[in-house]
Structures are given as structure tokens and as C-alpha cells.
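What follows is a set of notes on a single structure, which appears directly below.
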Amino acid sequence: MTTIDRGLRVPPGPPKAAALRWLMEMGRDRLRMMRTAAERYGDAVRLPVGHKELYFFNHPDHAKHVLSDNSANYHKGIGLVHARRALGDGLLTSEGDLWRKQRKVVQPAFQSKRIAEQAGVIAEEAGKLVARLQGHVGRDPVDIVHEMTGLTLGVLGRTLLDTDLGAFSSIGDNFAAVQDQAMFELATLSTVPTWLPLPRQLRFRQARAELQVIVDQLVAQRSARSVDRDDVLSRLIVSARDESDPRVGQQRLRDELVTLLLAGHETTASTLGWTLYLIDRHPEVRQRLHEEAVEVLGDRTPVYEDLRRLRYTAMVVDEVMRLFPPVWILPRQALAEDEVGGYHVPAGADVLICPFTLHRNPRFWESPDTFDPERFDPDVTTDRPRYAYIPFGAGPRFCVGNNLGMMEAAFVIAMISRELRLAKVPQYEVVPEPMLSLRVRGGLPMTIHRAS
Ligand code: HEM
């Protein structure tokens, strides 16, 4: 192991000569790349990839330091920098004073009291989904990823914007095109010029333009109704009006809305998709979910108070997000040099905290690849460090929508489990696809049956 001045160590890692091989692996299989690096080199790795050196940390203390204790020294890093071309300066990608100001505008609409008021809307949307799925009982398979994406967009539309996003059916595809390009740029470390008229690039530009048109329409609809609902959309419109340059205000508003729609729908849809996949593979878990849903909900639609009674459902969702954290990687860039866990991080370094590998670090998780919701039994005390599990991130950039996401996931899983059993098409292979969120590649076809 090398040391530098002041006795700080440089993290171990592959030789620079292997940089091209790791770059190719990053394009081929990013999750495997991160797992291999952690297994071979330990909790801190210096990873040469293409022309870059990535500093990859995989210990809860390291995550705490970078995301929380010394978060002021870190900006968002690779991947998100690429997504910025589409998302602009929305909450996910903005920094400094602009981020602080925007977070203050948006946050009050996400307080748990406000989210509790949305329980009825979420339950109603989940009810519509269950009814739709019931229509497929005994029929051809349904793409569950597609269904969950439609559901989460519908919920976002109603909870944040008080509108029916069903009318904008292209939103999901547009976000897919945006992510496709952002991940391509990440996988090639931006070595392919963005002005080249490649089909992916053209699709990206078209998608970005369409998303802007959609959010402009949402704003116009709301302005025409001239009601102040004090929801996210109203708050953002008021804040945009305060901007001295109206064009800047309008662009902020667009960026913020596109960001919220992306950050809010993909993550929750991914959680739901992985949950339905895993409970199909674990009939004993499915049975317990069914029993809990029947016992807690009976024949009724869930209300906010049910959330804490759906205890096992929450344990299952937590365990799903451990194995398949929707935000599988948290990229950062160090502003000044730093020391992380005794290792030197130079100024400007690309730093990676990877919930996917952190949540499977065998030092903190027994049989890390086994799906076992009991790990999250709130009555069992554990000495696991808090930062060993960070599906919603940590520190100041902690997910603003976590309450909304959790309530939605719990209601949807409970309502589906009460009525239905979903079964994956037997020959279909499920492969995780680490984009901005951790998706199921190519969708998830499942057949629908009545719960027994
Ligand atoms: C299960 C569902 C969800 C998961 C697992 C999740 C996860 C995360 C994570 C890990 C971050 C931190 C990213 C980073 O530090 O780089 C984040 C940030 C964010 N999330 Fe979520 N999220 C979920 C649902 C939602 C929902 C429903 C919304 C909104 C409608 C939302 C909006 C955001 C926003 C705006 C940020 C950026 C916050 C900031 O930097 O100030 N998320 N989310």
C-alpha cells in the first residue's frame, strides 16, 4: 500500500494499465464492476477507469463522512453531471445557494403531515391499478414495470401537481430516452462528443424538448385555473415569479418540475417492480403479506393510520431496497482534498458511494445476497451501523420524497397482496439494469392470479 505526505494512505486498487479493461466492464456490467472492486480491494478502492480515477468507498463510516459529516466538500458527481443536460438545475443536480433556496421552496410540500393528507389519493390510484390488474386475471402476461411506472406518474401528478398525468402518455418513454443518453455518457466517460448526430443523442434532444413542452403545459393549466393549492406546483410558480429575470424563473420552474417527475416516479416504480418480483420468488413472504393485508385492511381502502400497522409490508419493502436500492450509486466530486477513513482523496476526485454494494457488504450483513425481511424487524435490536443502509441517501441531500415513496410502496404492495398473486413468466430472465435508477432490463412480464 502506498502512502503520501502526512502519512495518509492511498486506497488500494488495480494498476493504471488496467484502466481500459475497467472502462469496458463499466459499459458492460456496472454492478458487477462495483462488486468485483469491493471484493478484491476492500472498503476503499482507487479505481482507474478510462482516463479517470474513481475513489470508491464501501464502508458505512465512509458514507457518513462523504454524504453527511463533510458533505460541504462534495458536489454531485459523474452520472448526475451528465443527467444535468436534461434536468438542468433542478433539486437533484443543483448546488450551493441555488440548491438551498429551491429545497426550502419544495420541502414544506413534502412534510409528513402534508403527505399524510395525500393518503387517500395514493390509495385511490393503487385501487385503480388493482382493478386494472384484476382485468388481466387468467389472461396474457402484463408488463409490471410499465404498470408501476404509470401508477407512480399518476400519483405524482395528483399529489404534487393536482393534475392527471395520464394525458401525457409519452412522459415515461421520454425519461427513458434521457436516462439512456445520460448512462451512455457515463459509460463512455463523455469521450463521445454530444454534437454527433447519433440516434440516441437525437432521441435525447427530442425527449428533453417534449418534457419541457409537457411541464410548460402543466404550468399553463394551473395558471389558467388561478387557484393556489399550496402544493409543489404552486410553490414553484410563486418562487419563479420572484426571479428578477422572468426567463430564468421559467427555466428554474421547468428544471424543477422535470427533476421531481423523474426522481419521484422511477425510484418508486423500481421499488415496486423488484418487490413484486421477489415476493413471487418467496411464497412464504407473499403469504404473510397477504395475511397482514387482510388482517389490517379487511375490505377497506387503506388510510394513513394503516401505514404503521402494515409492519411486515414495510419490512419487506426495506429488504427489497437493501438488495435492489433504486438509487444504486451516489456519485460525488471532492471540492478540496480530504481524508476519508484514513485515505487521501485529492481535490477534484470522483468519489463513489454505492448503496448496492454497501447494502451487501458481508461485514455488516449476514448472507448478504439472501432476501430476508426479518432483518428489518423493528423489535429486534441490531448493532448494524446506521449508514450501512442508505436507500434514501443521507445528509443534506437526503431524499425529499421518502415519505411519499414509502407510503406509496406500502399501500400498493398491501393492496395487490390482498387481492392478487403475480407470477413471473417462467422462462423470462430478470436482469438488473443500473441506469439513474436500478431498473429491470426490458420490463417484467407477469401473469395475474387471484390471491388464495
Ligand atoms: C422509494 C422511493 C425513493 C427512493 C429509494 C429515493 C432515493 C433517493 C436518494 C438515494 C436520493 C439522494 C441522491 C443523492 O444524494 O445523490 C434522493 C434524492 C431526491 N429524491 Fe428521492 N427517492 C424516492 C422517492 C422519491 C419521490 C417520491 C420523490 C418526489 C416526488 C423524490 C424526489 C427526490 C429529490 C427531489 C431528490 C434530490 C434532493 C436534494 O438533493 O435536495 N424521491 N432520492
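The values are calculated or read from the model by the stated rules, or taken from the named source; none is laboratory data. Here the structure is a predicted model, which is why all the values come from computation and not from measurement. Counting neighbours? That spans all protein chains shown, and the Cβs are built from the backbone with ideal geometry, glycine included.
Could you run through the range 187-245 and say how many residues are among the hydrophobic types (A, V, I, L, M, F, W, C) and under 26 Å from the mean Cα position of the chain (by Cα)? Don't jump to the end; show me each part of the working.
Start the filter on the range 187-245 by keeping residues that are among the hydrophobic types (A, V, I, L, M, F, W, C), which leaves 187, 189, 192, 195-196, 198, 202, 204, 207, 209, 211, 213-215, 218-220, 224, 227, 232-233, 236-238, 240.
Next, only the ones that are under 26 Å from the mean Cα position of the chain (by Cα) stay: 187, 189, 202, 204, 207, 209, 211, 213-215, 218-219, 232-233, 236-237.
Residues in the range 187-245 being among the hydrophobic types (A, V, I, L, M, F, W, C) and under 26 Å from the mean Cα position of the chain (by Cα): 16 in total.
So in the range 370-416, with the set limited to residues that are aromatic (Phe, Trp, Tyr) and within 8 Å of the ligand (Cβ to nearest atom), which one is surrounded by the most Cβ atoms within 10 Å (Cβ to Cβ)?
Let us first name the residues in the range 370-416 that are aromatic (Phe, Trp, Tyr), namely 371, 376, 387, 389, 392, 398, 411.
Among the residues that remain, those that are also within 8 Å of the ligand (Cβ to nearest atom) are: 392, 398.
Working: Phe392: 20, Phe398: 12.
Per the stated criteria, the residue is Phe392.
Could you grab me the full set of residues in the range 162-202 that are polar (S, T, N, Q) and in a helix (DSSP H, G or I)? Give the steps one after another, and end with the answer.
Residues of the range 162-202 polar (S, T, N, Q): 163, 169-170, 174, 179, 181, 188, 190-191, 194, 201.
Hits for the range 162-202 are Asn174, Gln179, Gln181, Gln201.
Which is within 16 Å of the ligand (Cβ to nearest atom), over 14 Å from the mean Cα position of the chain (by Cα) and at pLDDT 95 or above, of Leu276, Leu272, Leu289, Leu323?
Details: Leu272 fails: over 14 Å from the mean Cα position of the chain (by Cα); Leu289 fails: within 16 Å of the ligand (Cβ to nearest atom); Leu323 fails: over 14 Å from the mean Cα position of the chain (by Cα).
Criteria check complete, one pass: Leu276.
Identify, from the list Val327, Val317, the residue that is assigned to a loop (DSSP other than H, G, I, E, B), buried (at least 20 other Cβ atoms within 10 Å of the Cβ), in contact (Cβ under 8 Å) with a residue 60 or more places away in the chain and among the aliphatic types (A, V, I, L, M).
Unique residue meeting the criteria: Val327.
Before we move on, is Val155 closer than 15 Å to Arg132 by Cβ and not hydroxyl-bearing (Ser, Thr, Tyr)?
yes
What's the total number of residues in the range 417-445 that are within 13 Å of the ligand (Cβ to nearest atom) and either more than 22 Å from Gly27 (Cβ to Cβ) or of a type in the set (Val, Ile, Thr) (or both)?
Qualifying residue count for the region: 0.
Say we look at the range 336-369 and pick out the residues that are touching a helix residue (DSSP H, G or I) at 6+ places or on another chain (Cβ under 6 Å) and not hydrophobic (A, V, I, L, M, F, W, C); which of these is surrounded by the fewest Cβ atoms within 10 Å (Cβ to Cβ)?
Gly341
Can you name every residue in the range 330-359 that is more than 16 Å from the ligand (Cβ to nearest atom) and farther than 26 Å from Glu95 by Cα?
Selection gives Gly342 alone.
For the range 293-308, check the following and say yes or no: at least one residue is buried (at least 20 other Cβ atoms within 10 Å of the Cβ) and not in a helix (DSSP H, G or I).
yes
With Phe376, Phe398, Phe371, Phe364 as the choices, which residue is free of Cβ contacts under 8 Å to residues at least 12 places away in the same chain and aromatic (Phe, Trp, Tyr)? Give the steps one after another, and end with the answer.
Working: Phe376 fails: free of Cβ contacts under 8 Å to residues at least 12 places away in the same chain; Phe371 fails: free of Cβ contacts under 8 Å to residues at least 12 places away in the same chain; Phe364 fails: free of Cβ contacts under 8 Å to residues at least 12 places away in the same chain.
Exactly one residue qualifies, and that residue is Phe398.
Before we move on, is Arg158 more than 19 Å from Gly79 (Cα to Cα), part of a helix (DSSP H, G or I) and either among the charged types (D, E, K, R) or modelled with pLDDT of 90 or more (or both)? I'd like the intermediate steps shown before the answer.
Details: more than 19 Å from Gly79 (Cα to Cα): yes; part of a helix (DSSP H, G or I): yes; either among the charged types (D, E, K, R) or modelled with pLDDT of 90 or more (or both): yes.
Yes.
Do the conditions hold for Gly79, that is, is it surrounded by 20 or more Cβ atoms within 10 Å (Cβ to Cβ), within 13 Å of the ligand (Cβ to nearest atom) and without any contact (Cβ under 8 Å) to a residue 60 or more places away in the chain? Before you say what the answer is, go through the steps one by one.
On the way: surrounded by 20 or more Cβ atoms within 10 Å (Cβ to Cβ): yes; within 13 Å of the ligand (Cβ to nearest atom): yes; without any contact (Cβ under 8 Å) to a residue 60 or more places away in the chain: no.
Spelling it out, it is not the case that Gly79 is surrounded by 20 or more Cβ atoms within 10 Å (Cβ to Cβ), within 13 Å of the ligand (Cβ to nearest atom) and without any contact (Cβ under 8 Å) to a residue 60 or more places away in the chain.
Looking at Val66, is it crowded, with 22+ Cβ neighbours inside 10 Å, within 14 Å of Ile353 (Cβ to Cβ) and among the β-branched types (Val, Ile, Thr)?
On the way: crowded, with 22+ Cβ neighbours inside 10 Å: yes; within 14 Å of Ile353 (Cβ to Cβ): yes; among the β-branched types (Val, Ile, Thr): yes.
In short, yes.
Identify all residues within the range 88-103 that are near the ligand (Cβ under 7 Å from one of its atoms) and assigned to a helix (DSSP H, G or I); write none if there are none.
Passing the criteria: Trp99, Arg103.
Under 6 Å between Cβ atoms, at least 6 apart or on separate chains: pull out the pairs that start in the range 426-452 with a residue that is closer than 18 Å to Ala177 by Cβ and small (Gly, Ala, Ser) and end on any residue that is in a strand (DSSP E or B) and more than 16 Å from the ligand (Cβ to nearest atom).
Gly443/Asp143
If you go through the range 24-35 one residue at a time, how many are surrounded by 15 or more Cβ atoms within 10 Å (Cβ to Cβ) and touching a helix residue (DSSP H, G or I) at 6+ places or on another chain (Cβ under 8 Å)? Break it down into steps so the answer makes sense when it comes.
Filtering the range 24-35 down to residues surrounded by 15 or more Cβ atoms within 10 Å (Cβ to Cβ) leaves 25-27, 29-31, 33-35.
Retained after the next criterion (residues that are touching a helix residue (DSSP H, G or I) at 6+ places or on another chain (Cβ under 8 Å)): 25-27, 30-31, 33-35.
The number of residues fulfilling the criteria is 8.
Of the residues in the range 1-45, how many are at pLDDT 90 or above and under 14 Å from Tyr343 (Cα atoms)?
10
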